[in-house]
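Shown next, in structure tokens, is the structure this report addresses.
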């Protein structure tokens, strides 16, 4: 299987692309990824505006859900 590392976060095997980014992020990762505060992330999770998983006492935030939420916000400076 031939791997192409020319795409950041992705590898290609022949014609298939594999996303190597994590499916979930812990609190610190979610804060860094979105720029949102701990309070805001926890509020969004509680209000079910984003989704997550529970690992023991730790919240894991689903990256796809964070992406959807950020894209749903009003855009500024669009051309």
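Worth a mention:
- Whole-percent pair-distance distribution, where bins are 5 Å wide, for the alpha carbons of the range 22-72: 4, 23, 39, 27, 5, 1
- Percentage relative contact order, the range 22-72, counting C-alpha pairs under 8 Å, at least six apart: 43
No lab work stands behind these numbers, since they all come straight from the coordinates. Quantities reported herein were computed from a predicted structural model and do not represent experimental measurements.
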